[in-house]
Amino acid sequence: MDSRQHRHEVPLELIAFFGALCLFFSTLEYLIPKPVPFFRLGLANLPILLALSFMPPRQILLLVLLKVIGQGLVGGTLASYVFLFSAAGSFMSALVMLAAHHLGGRAISIVGVSLLGSLASNVVQITLSVTFIFGQSSWIIAPPFLAIGVASGLVVGLFGRRFQERSRWYAAIAGLDAGSIGHPEGPYEA
């Protein structure tokens, strides 16, 4: 059986810290003007992207839940369709990033994982928009929405890769050596 399936739990304090980072980046995003309605740069996904190297999937999903609820509270959207769009996009993004990270191995870099997560989130949100809220007119905004999503996924992925490569703090908490950073073989394995 693959050793990646036997990752140990990380301390709850680390999950809480990464959840706080998600909220911090989410709050920063509110300061940035949005070129497209409902568009977010995805900065709050950076801690999740970084956590893929050392947190098991169950804890990644807990981190996403903390991020989504925190964003809903900070943005005042907890009881709206915006919250549902955010939750659906965030969880789909996390599932795709987990799959790409674990199944792709060394063939998919952190930048590729970020791009796939960004696209998954945008596709889910466009699909929900077409299906439940705005109808076929949502397809008009789909191309620029996807293009901006790809660009932001690329930027977040590049920043994440650079942070992984240069941060001694990250290497220490993740328990990674320079050769394993950005790949599924993390420290919390059997």
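Values computed for the structure shown
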| quantity | calculated |
| --- | --- |
| Flag for Ala87 being under 26 Å from Ile141 (Cα atoms), free of Cβ contacts under 8 Å to residues at least 24 places away in the same chain and surrounded by fewer than 16 Cβ atoms within 10 Å (Cβ to Cβ) | no |
| Criterion violated by Ala44 - all others in (1) surrounded by fewer than 22 Cβ atoms within 10 Å (Cβ to Cβ); (2) within 20 Å of Leu158 (Cα to Cα); (3) modelled with pLDDT of 90 or more; (4) in contact with a helix residue (DSSP H, G or I) (Cβ under 6 Å, 6 or more places away or on another chain) satisfied | (1) |
| Any hit, the range 160-171, residues being of a type outside the set (Lys, Arg) and under 13 Å from the mean Cα position of the chain (by Cα) | yes |
| Matching residues in the range 95-123 - criterion: being free of Cβ contacts under 8 Å to residues at least 40 places away in the same chain, within 14 Å of the chain's Cα centre (by Cα) and either over 19 Å from Leu61 (Cβ atoms) or surrounded by 18 or more Cβ atoms within 10 Å (Cβ to Cβ) (or both) | Val96, Ala100, Leu116, Leu119, Ala120, Asn122 |
| Pro37 at pLDDT 90 or above and not polar (S, T, N, Q) | no |
| Hits in the range 49-63 (condition: touching a residue at least 60 places away in the same chain (Cβ under 8 Å) and either farther than 18 Å from Gly153 by Cα or assigned to a helix (DSSP H, G or I) (or both)) | Leu49, Leu50, Phe54, Met55, Pro56 |
| Residue match in the range 48-70 (condition: modelled with pLDDT under 90 and surrounded by fewer than 12 Cβ atoms within 10 Å (Cβ to Cβ)) | no |
| Condition check for Ser152: of a type in the set (Ser, Thr, Tyr), over 22 Å from Phe54 (Cβ atoms), within 17 Å of the chain's Cα centre (by Cα) and at pLDDT below 95 | yes |
| Whichever residue in the range 71-81 is more than 23 Å from Val155 (Cβ to Cβ) and either β-branched (Val, Ile, Thr) or surrounded by 17 or more Cβ atoms within 10 Å (Cβ to Cβ) (or both) and, among such residues, is nearest to the chain's Cα centre (by Cα) | Gly72 |
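The values are calculated or read from the model by the stated rules, or taken from the named source; none is laboratory data. All figures in this text were calculated on a predicted structure; none of them were measured in a lab. Reconstructed Cβ throughout: ideal geometry from the backbone, glycine too, with neighbour counts over all protein chains shown.
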